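One structure below.
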Amino acid sequence: DQQVKQNSPSLSVQEGRISILNCDYTNSMFDYFLWYKKYPAEGPTFLISISSIKDKNEDGRFTVFLNKSAKHLSLHIVPSQPGDSAVYFCAARERKNRDDKIIFGKGTRLHILP
Amino acid sequence: KAGVTQTPRYLIKTRGQQVTLSCSPISGHRSVSWYQQTPGQGLQFLFEYFSETQRNKGNFPGRFSGRQFSNSRSEMNVSTLELGDSALYLCASSLAGAGAEQYFGPGTRLTVT
């Protein structure tokens, strides 16, 4: 059973507009969420994270919003740039006895259109 | 600071063989995690090693094993390869563990024929 779901396999957004990538989760024990970005032939790179005690975290053009009651988080990229075209993975952490279990979503491919 | 390195980058094996993949983490990072990436399943966690001890394990069969050395370098072994093991295998290192910010290597592309 998928605990972290990225329901949109792909998304196309015009350059300069806002990109919104969504992620849903089912496990209420997740306490920390991360977004990673992946270019072809490279490993994922960390983008931004958010603790479950917060509802928003911002870093430059990237903002992550967390709605715990809906078990939903979203990544906003404003404004979208050509270099943002990549696959974005949402990940969630469950901490048990100081050991971390990390679950990734299947990813959303973002295309930024000129 | 050098990034995470993985060797080899590409590998072709036949069914039934075994394979060993290597990962060198960022200097100072004691946590090394391994992931399998396939088109249909995304990134799936294999296991995490921290200071030479396996700290966490995903839902993979016992054919997948790993180890970590005293210098934090890690190896992953897959025995009795199956066609379904064809995937990109990613290694990630971290200061604090798999649940914190991780730094990924470029991956090893394994093809099983």
Net charge of Cβ neighbours under 14 Å - reference B:Q68; Lys, Arg +1; Asp, Glu -1: +2
Shape category assigned to the range A:39-102 from the gyration tensor of Cα positions, a/c cut at 1.5: oblate
Candidates per trypsin sites (Lys or Arg not before Pro) in the range B:14-113, loop by DSSP, up to 13 other Cβ within 10 Å: B:R15, B:R63
Of A:N67, A:N97, A:N22, the one that fluctuates the most in a GNM where chain A has Cα springs shorter than 10 Å: A:N97
Overall Cα dimensions of the range B:1-94, principal axis frame, Å, largest first: 36, 24, 24
Global geometry of the range A:1-52, whether rounded, prolate or oblate, following the gyration tensor of its Cα atoms and the 1.5 cut on a/c: prolate
Shielding of A:44-57 by partner chains, average beta-carbon count, 10 Å: 2
Residue of A:D99, A:D31, A:D55 that the Gaussian network model of chain A assigns the largest fluctuation, springs spanning Cα pairs under 10 Å: A:D99
Largest to smallest principal axis extent of the C-alpha atoms in the range B:51-113, angstrom: 37, 22, 22
Exceeding the 24 Å Cα-Cα cut-off - candidates A:K38/A:K68; A:K106/B:K57; A:K5/A:K54: A:K38/A:K68
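Counting only other chains, what is the mean number of Cβ atoms within 10 angstrom of the Cβ of each residue in peptide B:35-41? All intermediate terms of the calculation are to be shown ahead of the outcome.
On the way: counts 4, 0, 8, 1, 2, 1, 3.
For peptide B:35-41, the averaged partner shielding equals 3.
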Overall dimensions of chain A as given by Cα atoms, namely Rg and Dmax in Å: 13.7, 48
Cβ-based exposure ranking for A:I53, A:I48, A:I103, A:I18, in which fewest neighbours within 10 Å come first: A:I53, A:I18, A:I48, A:I103
Neighbourhood net charge (12 Å Cβ-Cβ; Lys/Arg +1, Asp/Glu -1) for A:N67: +2
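Which order do the peptides B:89-95, A:58-64, B:47-53 take when ranked by the mean count of other beta-carbon atoms within 10 Å per residue, highest first?
B:89-95, B:47-53, A:58-64
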Rg and Dmax of the protein assembly as shown, Cα atoms only, in Å: 17.4, 51
Per-residue ³J(HN,Hα) for the range B:89-94, Karplus 6.51 cos²θ - 1.76 cosθ + 1.60, θ = phi - 60°, Hz, x for Gly and Pro: 9, 10, 10, 9, 10, 7
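Laboratory data are not the source of any read-out in this text; all were calculated from the coordinates shown. Source: prediction; values computed, not measured. For neighbour counting, all protein chains shown are included, and Cβ atoms are generated from backbone atoms with ideal geometry for every residue, glycine included.
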